[in-house]
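First comes the structure, then the notes that go with it.
The values are calculated or read from the model by the stated rules, or taken from the named source; none is laboratory data. Given the structure is predicted, the values throughout are model-derived calculations rather than measurements. Quick reminder, even Gly has a Cβ in these numbers, built from the backbone with ideal geometry, and neighbours come from all protein chains shown. Note: accessible area is taken over every heavy atom of the protein model, side chains too, but ligands, DNA and RNA are not part of it. Shrake-Rupley method; radii C 1.70, N 1.55, O 1.52, S 1.80 Å.
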Amino acid sequence: QVQLVESGGGLVQAGGSLRLSCAASGYSFTVLTMAWYRQVPGSEREFVAGIYVNGATKYVDSVEGRFTISRDNRRNTVSLQMNDLKPEDTAVYYCNAKVVQRNFWGQGTQVTVSS
(Lines give C-alpha, C1' and ligand atoms only; values in the text may rest on other atoms or scores of the structure.)
Protein backbone atom coordinates (compact mmCIF):
# COMPACT_ATOMS: atom_id res chain seq x y z
CA GLN A 1 0.00 0.00 0.00
CA VAL A 2 1.07 3.55 -0.70
CA GLN A 3 0.05 6.29 1.72
CA LEU A 4 -0.16 9.83 0.37
CA VAL A 5 -0.57 13.03 2.39
CA GLU A 6 -1.10 16.34 0.62
CA SER A 7 -0.48 19.82 1.98
CA GLY A 8 -0.32 23.38 0.72
CA GLY A 9 -3.82 24.18 -0.48
CA GLY A 10 -5.62 27.38 0.38
CA LEU A 11 -7.23 30.57 -0.85
CA VAL A 12 -5.40 32.86 -3.26
CA GLN A 13 -6.33 35.73 -5.55
CA ALA A 14 -6.23 35.34 -9.31
CA GLY A 15 -2.68 35.75 -10.58
CA GLY A 16 -1.21 34.42 -7.35
CA SER A 17 0.76 31.27 -6.61
CA LEU A 18 0.49 28.19 -4.44
CA ARG A 19 2.70 25.17 -3.95
CA LEU A 20 1.19 21.77 -3.20
CA SER A 21 3.23 18.98 -1.69
CA CYS A 22 2.56 15.27 -1.31
CA ALA A 23 4.50 12.94 0.96
CA ALA A 24 4.50 9.28 0.03
CA SER A 25 5.23 6.28 2.23
CA GLY A 26 4.79 2.53 2.26
CA TYR A 27 6.49 1.79 -1.06
CA SER A 28 9.75 2.46 -2.84
CA PHE A 29 9.23 6.02 -4.09
CA THR A 30 11.63 5.70 -7.00
CA VAL A 31 9.37 3.23 -8.84
CA LEU A 32 6.19 5.30 -8.45
CA THR A 33 4.71 7.34 -11.24
CA MET A 34 3.34 10.41 -9.47
CA ALA A 35 0.63 12.79 -10.58
CA TRP A 36 -1.79 15.47 -9.51
CA TYR A 37 -5.47 15.41 -10.36
CA ARG A 38 -8.24 17.84 -9.52
CA GLN A 39 -11.98 17.65 -9.14
CA VAL A 40 -14.83 20.12 -8.85
CA PRO A 41 -18.26 19.07 -7.57
CA GLY A 42 -20.32 17.39 -10.26
CA SER A 43 -17.37 16.77 -12.57
CA GLU A 44 -14.98 13.96 -13.29
CA ARG A 45 -11.59 13.94 -11.66
CA GLU A 46 -9.20 15.56 -14.13
CA PHE A 47 -5.52 14.83 -14.74
CA VAL A 48 -3.41 17.94 -14.14
CA ALA A 49 0.25 16.92 -14.23
CA GLY A 50 2.37 13.80 -13.99
CA ILE A 51 6.00 12.92 -13.46
CA TYR A 52 7.47 9.56 -14.36
CA VAL A 53 10.25 7.59 -12.73
CA ASN A 54 12.72 8.96 -15.30
CA GLY A 55 11.71 12.55 -14.50
CA ALA A 56 9.70 13.14 -17.67
CA THR A 57 6.66 15.34 -17.13
CA LYS A 58 3.25 15.76 -18.70
CA TYR A 59 0.61 18.47 -18.26
CA VAL A 60 -2.95 19.11 -19.25
CA ASP A 61 -3.06 21.90 -21.82
CA SER A 62 -4.88 24.32 -19.52
CA VAL A 63 -1.98 24.47 -17.02
CA GLU A 64 0.97 24.16 -19.42
CA GLY A 65 3.42 26.98 -18.73
CA ARG A 66 1.81 27.90 -15.40
CA PHE A 67 2.21 24.74 -13.29
CA THR A 68 5.38 22.77 -12.65
CA ILE A 69 5.50 19.27 -11.17
CA SER A 70 8.66 18.00 -9.51
CA ARG A 71 9.75 15.09 -7.37
CA ASP A 72 12.35 14.67 -4.65
CA ASN A 73 13.38 11.03 -4.47
CA ARG A 74 15.36 11.61 -1.27
CA ARG A 75 12.41 13.06 0.61
CA ASN A 76 9.76 10.88 -1.11
CA THR A 77 7.76 13.92 -2.09
CA VAL A 78 6.13 15.32 -5.19
CA SER A 79 5.25 18.99 -5.54
CA LEU A 80 3.10 21.10 -7.79
CA GLN A 81 4.10 24.73 -8.16
CA MET A 82 1.10 26.66 -9.43
CA ASN A 83 1.64 30.16 -10.79
CA ASP A 84 -0.68 32.67 -12.43
CA LEU A 85 -3.66 30.92 -10.87
CA LYS A 86 -7.09 31.46 -12.40
CA PRO A 87 -10.57 31.06 -10.88
CA GLU A 88 -11.09 28.00 -13.09
CA ASP A 89 -8.21 26.30 -11.23
CA THR A 90 -10.44 26.14 -8.15
CA ALA A 91 -10.84 22.47 -7.18
CA VAL A 92 -9.86 19.79 -4.75
CA TYR A 93 -6.40 18.62 -5.76
CA TYR A 94 -5.46 14.98 -5.25
CA CYS A 95 -2.05 13.38 -5.22
CA ASN A 96 -1.85 10.12 -7.16
CA ALA A 97 0.70 7.31 -7.18
CA LYS A 98 0.68 4.57 -9.75
CA VAL A 99 2.63 1.31 -9.59
CA VAL A 100 2.06 -2.10 -11.14
CA GLN A 101 -1.22 -0.82 -12.64
CA ARG A 102 -2.56 0.13 -9.21
CA ASN A 103 -3.63 3.64 -8.26
CA PHE A 104 -3.37 5.22 -4.83
CA TRP A 105 -4.87 8.53 -3.76
CA GLY A 106 -4.36 11.13 -1.11
CA GLN A 107 -7.21 12.71 0.81
CA GLY A 108 -7.20 15.88 -1.30
CA THR A 109 -6.49 19.52 -0.58
CA GLN A 110 -8.75 22.45 -1.50
CA VAL A 111 -7.44 25.18 -3.77
CA THR A 112 -9.67 28.23 -4.16
CA VAL A 113 -8.80 31.08 -6.53
CA SER A 114 -10.82 34.26 -6.12
CA SER A 115 -11.36 36.68 -8.99
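Things worth noting here:
- Farthest towards the positive end of the charge dipole of the chain, among the residues Val111, Leu80, Val99, is the Cα of Val99, using unit charges on the Cβ of Lys, Arg, Asp and Glu.
- Protein heavy-atom surface of region 1-101, 1.4 angstrom probe: 48% of the accessible area is carbon and sulfur, with nucleic acids and ligands not counted.
- The residues Arg19, Arg74, Arg38, sorted by heavy-atom accessible surface at 1.4 Å with ligands and nucleic acids left out, run Arg74, Arg19, Arg38 from largest to smallest.
- Entry comment: accessible area of region 15-103 is 52 Å² per residue, from protein heavy atoms only and a probe of 1.4 Å.
- Translational diffusion coefficient (Stokes-Einstein; Kirkwood radius from C-alpha pairs) of the chain at 37 °C, 0.692 mPa s, in µm²/s: 234 µm²/s
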